[in-house]
Amino acid sequence: MKKERLNQIIILLFIAVTAVTMVTPSPLHARMKYKGVNLAGAEFGVWDDNVNLPGVYGTHYIYPTSAEVDYYMSKGMNTFRLPFRWERLQQALLADFDTDELNRMDTFVEYATGKGAYVIIDPHNFQRYYPDPNDHQKSEQGLIGSDVPDTAFADFWGKLAAHYKDNSRVIFGLMNEPNTMPTAQLVDSENAAIAAIRKAGANNLILVSGNQWSGAWAWSETWYNGANAEHMLNIVDSGNNFAFEVHQYMDDDYSGGSSIITDNNPMTGVNRLTDFTNWLKTNNRKGFLGEFAVANSTIGTGTEKVGDEVIDNMLSYMEENSDVWIGWTWWAAGPWWDDDYMFTLEPTNLGLSNQGPDRAAMAVLQQHLRNSSLAPLFLLLL
């Protein structure tokens, strides 16, 4: 009887502590709903002068595995952005989806969402379909809304939405980093896709990217054929369940191509998100940070190692503005990154007996993930 009474007391204490934690978040606990990482691999095999589309699975590209899901969820993450190539899933415009490719995607999605995570489906195509191999990110060839009609983009998303509409943990990221087009044209294409998603009966969250690689820093600029700040107000969603996805890196040209943080300024990330955050507030919109990173080598002690401060300051800023920010995903992890890729979050030999230590960035990110250590402790007490 004493043991049963003790167990009852422990249960009540656990419930009370959990309730207090949920109602009054600690500054170390992220208040945004979605927190995670990009799991790259299914978009691989596409480089300038060497475009392998649709390509051979296991040779040109790969999908992330259950080991990635298990590891990152054990760290407190609950969201995975899954980049892939449109041309591999739908190998001709308006065609049915390739069964093998859809099965690969389903395998990952079903495992991750079955564990309670969210998966962002991300066609990593830069608003193009079968582009010029010499310029696969910016070519006129395959540009949606001109060379490729909006009806084809809508067809793709209508079919994908119909497939995943019964899984509320699947999020639809319309397109990775559109660029080099009139912004009004991009809005028309995105509205066609959104309408097709809702027509398919899907109520899932939709992430809408802006023009100019959807850079947060450039949201209000006008030099790229129309400011996102103006044109994205014309996005229409009958389901009223969407947010704007932006990307932000810390180097001088904002591309993520360098490990150098501009001026070694610990407020770089905050400064580059401020204008977009204010736009969200002014226009009653929601935002999601789909890609961001600092090099692991910039984290630590020393005058030039401000990466941890940059990320901590930026995520804290987003948490303070969680009325408009709904989440973030780090760039990047996945099974095929070289060990020396500066942004990788993936330990070496993930899931094996000789798995390497956490990457430096993980400790910084974990400060902004909800601590779930109470549950295992509770089970041990019983």
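Values in this text are rule-based calculations from the coordinates and carry no lab data. As the structure is a prediction and not an experimental result, all values here were calculated from the model. Cβ atoms come from the backbone with ideal geometry, glycine included; neighbour counts cover every protein chain shown.
Tell me what the chain gives for mean residue ellipticity at 222 nm when only DSSP H runs of n ≥ 4 count, each as -39,500 (n - 2.57), the sum divided by the residue total, rounded to 500 deg cm²/dmol.
Values: 11 runs with 132 residues, N = 382.
Using -39500 (n - 2.57) per qualifying helix, the result is -10500 deg cm²/dmol.
Mean projected area of the convex hull spanned by the Cα atoms of the stretch 316-355, taken over all viewing directions: 4.1 nm². Taking the Cα of Thr282, stepping 7 Å toward and past its beta carbon, and measuring to each backbone N in the stretch 214-239: which are under 19 Å? Within reach of a label on Thr282: 214-235. In plain terms, the residue of Tyr118, Tyr130, Tyr57 with the fewest other Cβ atoms within 10 Å comes first and the most crowded comes last, giving Tyr57, Tyr130, Tyr118.
Quote the relative contact order of the chain in percent (integer), defining contacts as alpha-carbon pairs under 8 Å separated by 6+ residues.
Details: 727 pairs, mean separation 66.9, N = 382.
Dividing the mean separation by the residue count of the chain yields 18 percent.
Using a Förster radius of 30 Å, what is the FRET efficiency between Gln366 and Gln91 based on their Cβ-Cβ separation? Nearest 0.05, please. Once rounded, the FRET efficiency stands at 0.15. Determine, at each q value in 0.08, 0.11, 0.12 (inverse angstroms), the log₁₀ of I(q)/I(0) that the Debye formula gives when each Cα of the chain is one equal point scatterer. Log-scaled intensity ratios, in q order: -0.41, -0.78, -0.93. Residues whose amide H falls under 5 Å from that of Met175, counting only those 5 or more places apart or on a different chain, are Ser209, with hydrogens built in the peptide plane. Descending by average beta-carbon neighbour count within 10 Å, the peptides 213-224, 248-259, 286-297, 94-105 line up as 286-297, 213-224, 248-259, 94-105, the highest first. With respect to the cross-link table entries Lys35/Lys286; Lys115/Lys305; Lys115/Lys281; Lys33/Lys281, which display a Cα-Cα separation exceeding 27 Å? From Lys35/Lys286; Lys115/Lys305; Lys115/Lys281; Lys33/Lys281, over 27 Å: Lys115/Lys305; Lys115/Lys281.
Helix hunt in the chain: which complete DSSP H runs extend at least 27 Å axially by C-alpha with mean Kyte-Doolittle at least 1.0? Before the final figure, lay out the partial values.
Values: long enough: 2-23 (32 Å, 1.19).
Result, helices passing both filters: 2-23.
Annotation: the residues Met318, Met267, sorted from fewest to most other C-beta atoms within 10 Å of their own C-beta, follow the order Met267, Met318. Antiparallel DSSP bridges in the chain: what percent, to the nearest 5? Roughly 10 percent of the DSSP beta bridges within the chain come out antiparallel. Annotation for Ile260 and Ala67: the two label points, set 7 Å from Cα along the Cα-Cβ direction, are 3.6 nm apart.
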